[in-house]
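The structure under discussion appears below in the form of structure tokens.
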Amino acid sequence: VRSEVVSSSQTSYQITGLERNTKYFVRVSAWNDIGYSDAVSTTPSSLATAVMPLHLPMSVAMSTSSKDIADRLDLEWSLPAFDVNGFSTSLDSCGGSTTGHTPEAALSYLVRWDVHPSLASSTTYEVPMIVGDGIPMHCCTDSKC
């Protein structure tokens, strides 16, 4: 049994350090100088941890080549600050406040392009998120990948 105390102005909390693919039961109670309230179970009453689908790239921008090369377009994107569940996507290695967790990082991004908006005959390129000799590259939310 583990418990955490959070600020009275805080109405959400991310439990960290859990085992993957393990079912957990959680209850929440309030506290003041008189003591703790009865605990209220969550809805659903239990949930198993799981690897979450990756977040969507944000601020995807396209521009003509920065090197003025006529047959090229430049692309850039960034990570969102929060995932679809409202949890921080910030990596502890990015500095700032420590979130206490390391979200699943993208191993690559798939870029597709075509002359038609349907992308029916698109060309694809997988952009690997590695540097040097296969070292994973991690993007921080406040910088472009």
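Roughly to the nearest percent, how much of the accessible area of the stretch 1-51 is carbon and sulfur, given a 1.4 Å probe?
Ligands and nucleic acids excluded, carbon and sulfur give 52 percent.
Taking amide H positions as placed in the peptide plane 1.01 Å from N, state which residues far from Tyr109 in sequence (5 or more) or on other chains have amide H under 5 Å from it.
Val127, Met129
The values are calculated or read from the model by the stated rules, or taken from the named source; none is laboratory data. Note that the structure is a prediction, hence the values are computed from the model and not measured. Quick note on the areas: whole protein, heavy atoms, side chains included, nothing else; ligands and nucleic acids left out. Shrake-Rupley method; radii C 1.70, N 1.55, O 1.52, S 1.80 Å.
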